[in-house]
1. Of everything in the range 166-203 that's out of contact with any strand residue (DSSP E or B) (no Cβ under 6 Å at 6 or more places or on another chain) and loosely packed, with under 14 Cβ neighbours inside 10 Å, which residue is nearest to THR76 (Cα to Cα)?
2. Please tell me if ARG134 is surrounded by fewer than 18 Cβ atoms within 10 Å (Cβ to Cβ), touching a Pro at 6+ places or on another chain (Cβ under 8 Å) and modelled with pLDDT under 95.
3. So in the range 188-203, with the set limited to residues that are outside any loop (DSSP other than H, G, I, E, B) and small (Gly, Ala, Ser), which one is farthest from PHE96 (Cα to Cα)?
4. Kindly provide the set of residues from the range 16-30 that are aliphatic (A, V, I, L, M) and either part of a strand (DSSP E or B) or touching a His at 6+ places or on another chain (Cβ under 6 Å) (or both), ordered by number.
5. Just to be sure, is GLU146 out of contact with any helix residue (DSSP H, G or I) (no Cβ under 9 Å at 6 or more places or on another chain), buried (at least 18 other Cβ atoms within 10 Å of the Cβ) and of a type in the set (Asp, Glu)?
6. Filter the range 130-146 down to residues that are more than 13 Å from ALA79 (Cβ to Cβ) and in a strand (DSSP E or B) and give me whichever is farthest from the chain's Cα centre (by Cα).
7. Go over the candidates THR76, THR43, THR67, THR34 one by one and state the one that is assigned to a loop (DSSP other than H, G, I, E, B), under 27 Å from TRP167 (Cα atoms) and of a type in the set (Ser, Thr, Tyr).
8. Read through the list (1) at pLDDT 95 or above; (2) at positive phi, then give the number of the only condition that LYS55 fails.
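The values are calculated or read from the model by the stated rules, or taken from the named source; none is laboratory data. Keep in mind that this is a model prediction, so the values were computed, not measured. Every residue, glycine as well, gets a Cβ built from its backbone with ideal geometry; the counts of neighbours run over all protein chains shown.
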Amino acid sequence: MPLQNRVDPFGAILAIPERGGMMGNRGGRIHDATQRIGGRLWTSRRWICCELQYKGMWRPVMGAGYTELFFLDEVTALAAGHRPCFFCRRAEALAFARAFAEARGEPAPMGADTMDAILHAERLDGRAKRRHLRAAAGLPEGVVIEEGGAALARAGERWLAWSPGGWHPAEAPAGPEVSLLTPPAIVAAILAGYEPRWHASAR
């Protein structure tokens with residue numbers, strides 16, 4: 001049986017066989033002794049997206065430490081409300097922090113605690129994933145929206161639909177307004193120049 005450790009763009013944590021290309025966590029351990037996730041879906045505001053491999057480090061998945069979560073790619077992780085890790089992805093985390101600050105009119109890169117507080121407020125409404133509406137015009141590449149129950153993202157002139165194994169061609173959203181899955185602060189950081197990493201299927 002697959003472990004329940006795969007995150008989709010809606011923020012749900014699934015038990016599916018596909019693994020994905022990036023890892024992350026939500027601040028600590030949220031699995032039990034049977035390697036299942038119950039009522040608690042995070043331990044802190046620090047939701048991060050990490051490299052799948054880093055300097056030969058190895059750890060047992062869903063062992064005694066934090067709960068390892070997996071994403072198809074960074075576009076998926078950002079949609080779920082995770083941000084780049086300052087430890088294993090320092091250059092990208094600093095680029096993200098600069099774009100995050102620039103989008104909010106701040107003169108310097110924001111610290112992790114400040115960004116995490118903003119993102120936690122945007123991604124959650126109680127225990128449910130928050131949705132934010134915005135105009136479809138000017139939506140940047142790498143931002144994920146919900147359309148008819150599917151998660152869609154624009155890549156160049158194309159629209160792609162998310163699946164556990166990769167991105168697939170999709171129709172463009174029909175209306176002038178879209179429902180964001182990617183939190184607005186991350187949308188703003190992407191508009192300010194941050195470029196999220198895509199799965200190879202999006203090429």
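1. The qualifying residue nearest to THR76 (Cα to Cα) is ALA200.
2. yes
3. Filtering the range 188-203 for residues that are outside any loop (DSSP other than H, G, I, E, B) and small (Gly, Ala, Ser), the one farthest from PHE96 (Cα to Cα) comes out as SER201.
4. Hits for the range 16-30 are MET22, MET23.
5. Yes.
6. ALA135
7. Every option except THR67 fails the conditions.
8. Status for LYS55: all satisfied but (1).
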